[in-house]
Amino acid sequence: MKYRKVIAERKVGGKIAKSDGRFFVLVEGSDKKIYQVKINLVTTKGNQNEMITHYIGTKMDAPVLDGCILVFSKRLLDSIIDLAAASMQAIPDKSFFRRTELFGVEWHDGAKFANSEDEVKFFFQMCKNRNAFFAIYPFDQYLRNYDRQYHNHMIMKRDEDKKPSHYYMTIDGDRIFGSPGWNLLNEEKSKFECFPEKFHNLLYSIVDDESYKTVMRYAVNISHINESELDLLLKILNDVYNDPKCEHDKIIEILKYRKDKLYDFCDGTCFSNVKKKRLPTNANR
């Protein structure tokens, strides 16, 4: 899978920079779609993480939104970075932005986000593609994505009647592998235990014996990602971003290592309401 390239024509919205330099902007592309772009004043690693999560989500057949490489003019990107830097009284490092290309994911204005435990369960019951919800468990485990809360868990995309009806994973993957800066890669490489956060425990509690089979089938999808597909991801990272190739090599090494072990570690331990900890047979592997 190669990402298409879209010209970023203008900024149409966004959120002010956080204390650590992270923020996002909404830009209109030359295809007239609106995209969300994660930016950091001092690194593009968070944006690269967004691409990695989207790429993996696509390969495992998870319900991800459309993504592309957005090509900014230097003038537009500089103006976005300078505005954020001014709000933080910070000096950005623009050397990280190579050829002013960044990854973006389509934005749905007015989409519904869950804001409470009751809303998570309510959205789950009403969404038309309910089975797609279960992709999130092996997805988060594979990428060690600790960052799940009510507001970044699910989007209910609106249907023809303007009612929220379809579940899409809100990737929000700028902090996969345990951190936004890749400084915990070695620690996270061999971790497969349950996530300890309260919200993950809520997610685990939704899974029962029958839906656990769907969780495991998504885990199988991850194990079937070809190494050549991960090598293509490596090429895309090297082509778009300015980080050393050795850092990208490390990311791909971890993805190859974890995909071959994920199924065996997804043994049902995390799911309090699951009695049968395996699929009936390994025929689907």
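Of note:
- Expressed per residue, the C-alpha convex hull volume of segment 16-97 stands at 101 Å³.
- Computed Rg/Rh of segment 1-40, alpha carbon atoms with Kirkwood Rh: 1.06
- Degrees separating the helix 245-259 axis from the principal Cα axis of the chain, which is the longest one: 20
- Whole-percent carbon and sulfur share, accessible surface of the chain, 1.4 Å: 51
- Compared with the dominant principal axis of the Cα atoms in the chain, helix 74-88 is inclined by about 80°.
- In the full protein context, the chain carries 46 Å² of accessible surface per residue, based on a 1.4 Å probe and ignoring ligands, DNA and RNA.
- Shape analysis of the chain yields a ratio of the Cα radius of gyration to the Kirkwood radius, Rg/Rh, of 0.96.
- Highest to lowest packing among 112-124, 219-231, scored as the average C-beta count within 10 Å: 219-231, 112-124
- Backbone phi angles across segment 203-212, fed through the Karplus curve with coefficients 6.51, -1.76 and 1.60 (θ = phi - 60°), yield HN-Hα couplings of 4, 4, 5, 6, 7, 10, 4, 6, 6, 4 Hz in residue order; Gly and Pro are listed as x.
- If you take all other residues with their beta carbon under 9 Å from the beta carbon of residue 190, and give Lys and Arg +1 and Asp and Glu -1, the sum is +2.
- Most to least packed among 5-16, 136-147 [average Cβ atoms within 10 Å]: 136-147, 5-16
- Translational diffusion of segment 199-253, µm² s⁻¹ [Kirkwood Rh, Cα pairs; Stokes-Einstein; 20 °C; 1.002 mPa s]: 155
- Every helix of 4 or more DSSP H residues in the chain counts as -39500 (n - 2.57), and over all residues that averages to -11500 deg cm²/dmol at 222 nm.
- Placing a label point 7 Å from the Cα of residue 95 along the Cα-to-Cβ direction, no residue of segment 53-87 has its backbone N under 13 Å from that point.
The values are calculated or read from the model by the stated rules, or taken from the named source; none is laboratory data. Just so it is clear, the structure is predicted and the values come from calculations on it, not from any experiment. Note that each Cβ is placed from the backbone with ideal geometry, even for glycine, and that neighbours are counted across all protein chains shown. Areas reflect the complete protein model, heavy atoms only, side chains present, ligands, DNA and RNA absent. Shrake-Rupley method; radii C 1.70, N 1.55, O 1.52, S 1.80 Å.
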